[in-house]
Structure formats: C-alpha cells, structure tokens
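Novice: Below are the structure tokens for one structure; questions will follow.
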C-alpha cells in the first residue's frame with residue numbers, strides 16, 4: 001500500500017466498506033490514523049478512525065480504474081435521475097428558502113421573514129417577537145428546517161417552560177418532522193446510568209427538548225452543559241430568562257451559559273408592551 005495515496009479526499013476500501021478519507025494523522029508509533037466518513041450503504045455518513053498498523057487491508061481506490069457504464073435507458077432517464085439525486089443532496093448556501101415553507105401549515109408571508117433574515121447572517125442569532133397566536137413556533141420551525149437542509153442543525157436543544165413542552169414538541173414533529181426527545185431530570189438520570197461516568201449525557205440524543213427549570217440547577221448540570229455543544233439552541237418564551245432589574249435569576253444565568261454553547265441561537269418571546277398596553281391588559 002502506497003501511503004502517499006492516503007490523503008484527504010481519497011476513497012479507500014476497509015473492512016469490505018468504502019470510506020472517504022477526511023484527515024490523516026501520524027501516530028506516535030509511525031503509523032497513520034485515518035479519519036474517514038462512510039460512503040457504502042451500510043456505513044453511509046458514519047464517521048470512524050482506522051489505524052494503518054491495526055488494519056489487515058486498506059485498499060486505496062484508483063479513480064482511473066473506474067468502469068464507465070453506458071446509460072441504456074430511454075432518453076437517458078436513469079442518468080438524469082442520478083444527477084438529480086446528487087443535486088438534491090447538495091446543501092444550499094444562500095438565503096433562499098427550500099423546504100421550510102413546504103411544511104404542513106397554512107403560512108402567511110411574515111412567518112418567513114425571520115428565516116430569510118437569519119440565513120443572510122454568517123451566524124444565525126435571532127429574536128422572534130410576535131404576539132400570541134401569530135406563529136412564533138412556526139417561524140422557528142421554518143428556520144430549523146432550513147438549517148437542517150444545509151447540514152447545520154444536526155444537534156438541536158430546545159428550552160421551554162414546562163407547560164409548553166408538549167405543544168412545542170408536537171408542532172415540530174407534526175408540521176416539520178423534526179423529532180425532539182423530551183427529557184426531564186429522571187430521563188437525564190436514566191441516561192447517566194446507561195453511559196460511562198466520564199461521558200456527557202447531553203450527547204446521548206442529538207435533538208432534545210428540556211424544561212428550563214430542569215436545567216437551571218447549576219450544581220447538578222453546569223459541568224455537563226459547559227462540556228456540551230449544539231448546532232442550534234432554541235429558547236421558547238425567552239422573556240422568562242431575562243434579567244430582572246439588577247438581579248440575575250437562575251434562568252438568566254442558564255441562558256447566558258448556553259448562549260456560548262452554540263453558533264445558532266433562536267429566541268422566541270411576545271413583543272414588549274408599553275405601560276399603557278400593560279395597564280389596558282390588566283384592566
């Protein structure tokens with residue numbers, strides 16, 4: 001085996017599966033550690049690290065030996081279908097909407113504005129402030145769908161008040177097919193009992209929804225939260241994590257901590273009211 005061909009971008013055959021080399025590191029014993037991503041059907045999109053010294057056979061696939069097969073289908077339909085499938089797998093990089101507006105809902109144009117505005121930014125950090133019933137959850141779901149389509153939302157954490165957990169989870173699944181695993185203190189303890197003691201329970205599920213009051217317990221979860229990272233963090237009813245005058249509540253401290261654990265931060269809350277509006281609402 002020629003080590004020079006084991007460079008990033010090369011395709012290799014290891015353990016009867018085809019892999020794409022992403023990174024090559026030299027080990028302390030003089031061998032090489034190949035960081036790869038699966039290409040074959042069984043291992044597709046799986047990541048692994050193989051040591052050249054430990055593997056019996058690592059075969060580098062030569063592109064020059066690729067067999068060209070003629071497309072014999074009518075009007076080259078098979079080849080066009082293959083090209084179309086590749087194009088659909090290509091992640092978009094612009095601010096246009098591709099799937100978010102196709103969710104199971106009767107949207108109105110203003111619900112698309114937060115996603116369009118956020119996608120123009122290199123880091124999506126946005127506050128969605130609409131009146132009750134105008135679709136803050138739908139606007140957040142549209143943006144999440146677009147980020148998933150772009151491969152930038154594999155790990156999602158949603159924080160909500162306890163009374164809104166079921167509704168938010170249901171909306172994300174029934175309208176956008178985004179599965180959120182609901183966790184509470186008992187669920188987190190159950191995860192901790194299944195994994196080694198040095199593992200972080202917040203890496204057990206990629207997409208989870210948790211009550212704000214569950215995570216605000218600094219002494220129990222702070223170390224785990226400081227060691228975890230998500231692609232997207234959503235804080236629903238964000239007015240509950242705001243600082244009150246000069247004091248900082250546990251909820252606001254939690255929000256500050258999590259704001260640095262993700263590039264994308266989506267906050268949803270009702271709009272601010274004037275004193276006259278508060279007095280009118282109170283009366």
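Read-outs throughout are calculated quantities, based only on the coordinates presented, and are distinct from any laboratory measurement. Every value quoted in this text rests on a predicted model; they were computed, and no experiment measured them. Cβ atoms come from the backbone with ideal geometry, glycine included; neighbour counts cover every protein chain shown.
Novice: With just the Cα atoms defining each centre, how far is segment 53-80 from segment 197-243? Give it in Å.
Specialist: 44 Å
Novice: Please provide three numbers in whole Å: the alpha-carbon extents of segment 142-210 along the principal axes, with the largest listed first.
Specialist: So the three principal-axis extents are 37, 30, 16 Å.
Novice: With labels modelled as points extended 7 Å from the Cα through the Cβ direction, what inter-label distance (nm, one decimal) is found for residue 167 paired with residue 37?
Specialist: 3.9 nm
Novice: Only Cα pairs within less than 10 Å get springs; with that Gaussian network setup on the chain, which residue of 103, 17, 78 has the largest fluctuation?
Specialist: Comparing 103, 17, 78 in the GNM, the peak value goes to 17.
Novice: Which residue, 139, 91, 54, tops the fluctuation ranking in a GNM of the chain built on C-alpha contacts under 10 Å?
Specialist: Result for the chain, Cα springs under 10 Å: 54 fluctuates most.
Novice: Output the Kirkwood hydrodynamic radius of segment 61-102, Cα pairs only, in Å rounded to one decimal.
Specialist: It is 13.4 Å.
Novice: Additional query: Once the Cβ-Cβ distance between residue 222 and residue 106 is put in as r, and R0 is 45 Å, what FRET efficiency do you end up with, to the nearest 0.05?
Specialist: 0.60
Novice: Then there is this: Residue separation times 0.36 nm, minus the C-alpha to C-alpha distance between residue 129 and residue 256: what's the value? Numbers along the way, then the final one.
Specialist: Working: separation 127, 0.36 × 127 = 45.72 nm, distance 1.90 nm.
Additional length available on full extension: 43.8 nm.
Novice: On to the next question. With the chain treated as a Gaussian network of Cα nodes joined by springs under 10 Å, which of 240, 45, 67 yields the largest mean-square fluctuation?
Specialist: 45
Novice: How far, in degrees from 0 to 90, does helix 136-149 lean away from the longest principal axis of the Cα atoms of the chain, to the nearest 10?
Specialist: That helix lies at roughly 10 degrees to the long axis.
Novice: Looking only at the chain, where both bridge partners belong to it, what percent of the DSSP beta bridges are antiparallel (to the nearest 5)?
Specialist: 50 percent
Novice: What's the extension gain from residue 193 to residue 95 if we count 0.36 nm per residue and subtract their Cα-Cα distance? Don't jump to the answer; show the numbers that get you there.
Specialist: Details: separation 98, 0.36 × 98 = 35.28 nm, distance 4.27 nm.
Extra length available between residue 193 and residue 95 comes to 31.0 nm.
Novice: Angle between the Cα long axis of helix 77-89 and the longest principal axis of the chain, 0 to 90 degrees, nearest 10?
Specialist: For 77-89 against the chain, the angle is about 50 degrees.
Novice: I've got another one for you. If each residue of separation counts as 0.36 nm, what is the full-extension length gain between residue 69 and residue 174 once their alpha-carbon separation is subtracted?
Specialist: 33.5 nm is the gain from fully extending residue 69 to residue 174.
Novice: Another question about this same structure. Given (1) 28, 21, 17; (2) 43, 27, 15; (3) 34, 26, 18, which label gives semi-axes √(5λ) of the Cα gyration tensor in Å as computed from the coordinates?
Specialist: Label (2) holds the value from this structure.
Novice: What angle do you read, to the nearest 10 degrees and between 0 and 90, between the alpha-carbon axis of helix 165-176 and the longest principal axis of the chain?
Specialist: Between helix and principal axis, roughly 50 degrees.
Novice: List 58, 156, 142 from most exposed to least, where exposure is judged by having the fewest other Cβ atoms within 10 Å.
Specialist: Result, fewest neighbours first: 58, 156, 142.
Novice: When 62, 231 are ordered from fewest to most other Cβ atoms inside 10 Å of their Cβ, what list results? Don't skip to the answer; put the middle values down first.
Specialist: On the way: 62 10, 231 19.
Arranged by neighbour count, lowest to highest, 62, 231 become 62, 231.
Novice: Obtain the radius of gyration and the Kirkwood radius of segment 1-150 from its C-alpha atoms and give Rg over Rh.
Specialist: The Rg/Rh ratio comes out at 1.14.
Novice: Please order 23, 222 by the number of other Cβ within 10 Å, starting at the fewest.
Specialist: If I rank by nearby Cβ atoms, fewest first, I get 23, 222.
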